[in-house]
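In what follows, a single structure is set out as structure tokens and then discussed.
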Amino acid sequence: MAKSKQNPVTRANKTTPSPRSGLVGRPEIRILISLFVIAGLVLAFGHIAEEVIEGDSAKFDQTVILLFRHANDLSNPIGPPWMEEMARDITALGSYAVLIIITGAVVLYLLFAQRRAAALWISLALLGGVLLSNLLKLAYERPRPDLCLMRRACSPRASPADMQHFRRSPI
């Protein structure tokens, strides 16, 4: 009697492990992994916060700021004037005004799409993030780095001398 060949791919056998039956596929393992990741992130945050409170991060802050400045003139950032303006504009994307406009548009879209629960979650996430950010700022009271350098106006709406600088700089 000849044995029939069975294709291991198409064979439906209970002894064949499914991709989700591994150790990571079990729900309790996923929960444990998630808890360890969260605990690790909280621990890392605590270590960084301790360095900031002790003032040990000031040297790092100063080094990073000076990396983007000319060594002979610290008030002059590296790069053309439009690069400084672009960096300022990107930084402004984190302002409350931009956050409210974008989040408001998303929430309105979700409400129009009858996704009220998602709109509520987005709103709560924004409010929670703003609240947490402000509470942490109040708790740490960390001053800005001492290297607050003179800002150069690089907008075309600035003075005529700045306009001359713009016309001469290559873009």
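No value in this document is a laboratory result; all are computed from the given coordinates. Worth saying up front: this structure is predicted, and the values here are computed from it rather than measured. All Cβ positions, glycine included, derive from the backbone under ideal geometry; neighbour counts span all protein chains shown.
In this simple spin-label model, placing a label point 7 Å from the Cα along the Cα-to-Cβ direction at both Arg142 and Met83 gives a separation of 2.6 nm. The slack in the chain from Ser75 to Ala39, taken as 0.36 nm per residue of separation less the alpha-carbon distance, amounts to 8.8 nm.
Charges were assigned to the Cβ only: +1 to each Lys and Arg, -1 to each Asp and Glu. The resulting dipole of the stretch 24-78 about its Cα centre is roughly 320 debye. What does the charge count near Ile122 come to, summing +1 for each Lys or Arg and -1 for each Asp or Glu among other residues with Cβ under 13 Å from its Cβ? Here the count lands on +2. Counting every other Cβ atom within 10 Å of each residue's Cβ, Glu28, Glu85 order from fewest to most as Glu28, Glu85. Legend: calculated FRET efficiency, Ala49 to Ile90, from the Cβ-Cβ distance at R0 = 22 Å, rounded to 0.05, equals 0.30. Classify the stretch 24-78: rounded, prolate or oblate, from the alpha-carbon gyration tensor (a ≥ b ≥ c, eigenvalue square roots; a/c under 1.5 rounded; otherwise prolate if a/b is larger than b/c)? Oblate, because a/c is 1.5 or more while a/b does not exceed b/c.
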